[in-house]
Amino acid sequence: MSDLVGVDRFTPAERFVHRSVAVLMGVCLVTAAILYNGSIMLAIGHRHLVELVHVWCGLALPVPMLAGALSAAYRTDVRRLNRFTPSDWRWLRSRQRRDGTIAVGKFNAGQKLNAHLVAGSTLVLLGTGAVMYWTGLVRLSWRSGATFVHDWFALGLGLLVIGHIVYALKDPEARRGMREGRVSTRWARAEHGAWVDEIDDAGSGGFEARR
């Protein structure tokens, strides 16, 4: 596999899901910060509008994820993210995880863990947010508990997103893969050698599916 040709990493459907979720989640986090900080809220005003944007962007978060299921490539990558192998656990425990001695598939264990945390946090925030917004669903004590959980999960998710962005900024080739759908063969072999071997064995040219 030539480095001039490169490797197909993400389909247009997968990139659309990633960008849509990134935009919706970014709006949710920004509006959450505004609603939580009284001085910022006072400066901006229009609290009801900010709250509506926050709520409806939050409710829309699962939509692109579910729509992505129409793509075979997206479904394949979701299965990859859901599958932890013995190599993944070794990767997490190792201090030399980047030296190439541990076989890494299309996603490393850190990426899989991040995906699980984001998905789990999103579900918790959706549930607690619904309880907070539609006040007639449950009694007051439950709403108070939902508010506490919602605030802390939002903080945790915000830190997780910041960490994700920091790591992305350190790896321009990974960003290119999400932006253009293609990465260099050299990068793919160095960072995801087991995935490249899988592509070579299958002779698929980089896509598990062509849509």
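The values are calculated or read from the model by the stated rules, or taken from the named source; none is laboratory data. Since we're looking at a predicted model, the values are computed, not measured. Every residue, glycine among them, receives a Cβ derived from its backbone with ideal geometry; neighbour counts consider all protein chains shown.
Computed quantities for the displayed model
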item	result
Output for the range 134-148, where each listed residue is of a type outside the set (K, R) and either surrounded by fewer than 16 Cβ atoms within 10 Å (Cβ to Cβ) or touching an Asp or Glu at 6+ places or on another chain (Cβ under 7 Å) (or both)	W134, T135, G136, L137, V138, L140, S141, W142, S144, G145, T147, F148
Pick from the range 75-100, criterion among the small types (G, A, S) and in a loop (DSSP other than H, G, I, E, B), ranking: farthest from R19 (Cα to Cα)	S94
Matching residues in the range 42-79 - criterion: being touching a Phe, Trp or Tyr at 6+ places or on another chain (Cβ under 6 Å) and under 13 Å from N108 (Cα atoms)	none
Residue match in the range 21-32 (condition: farther than 30 Å from A119 by Cβ and at pLDDT below 95)	no
Selected residue [free of Cβ contacts under 8 Å to residues at least 24 places away in the same chain and either acidic (D, E) or out of contact with any strand residue (DSSP E or B) (no Cβ under 6 Å at 6 or more places or on another chain) (or both)] from L61, L66	L66
Qualifying helices (runs of 4 or more DSSP H) (wholly inside the range 1-74; at least 1 residues being within 17 Å of T128 (Cα to Cα), aliphatic (A, V, I, L, M) and in contact with a Leu (Cβ under 8 Å, 6 or more places away or on another chain))	12-36, 47-60
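The rows are residues; the columns are (1) surrounded by 17 or more Cβ atoms within 10 Å (Cβ to Cβ); (2) at pLDDT below 95; (3) within 30 Å of E198 (Cα to Cα); (4) within 22 Å of the chain's Cα centre (by Cα).
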{"position": "I34", "(1), (2), (3), (4)": "yes, yes, no, no"}
{"position": "I40", "(1), (2), (3), (4)": "no, yes, no, no"}
{"position": "G45", "(1), (2), (3), (4)": "no, yes, no, no"}
{"position": "L66", "(1), (2), (3), (4)": "no, yes, yes, yes"}
{"position": "W91", "(1), (2), (3), (4)": "yes, yes, yes, yes"}
{"position": "R95", "(1), (2), (3), (4)": "no, yes, yes, no"}
{"position": "G105", "(1), (2), (3), (4)": "yes, yes, yes, yes"}
{"position": "T122", "(1), (2), (3), (4)": "yes, yes, no, yes"}
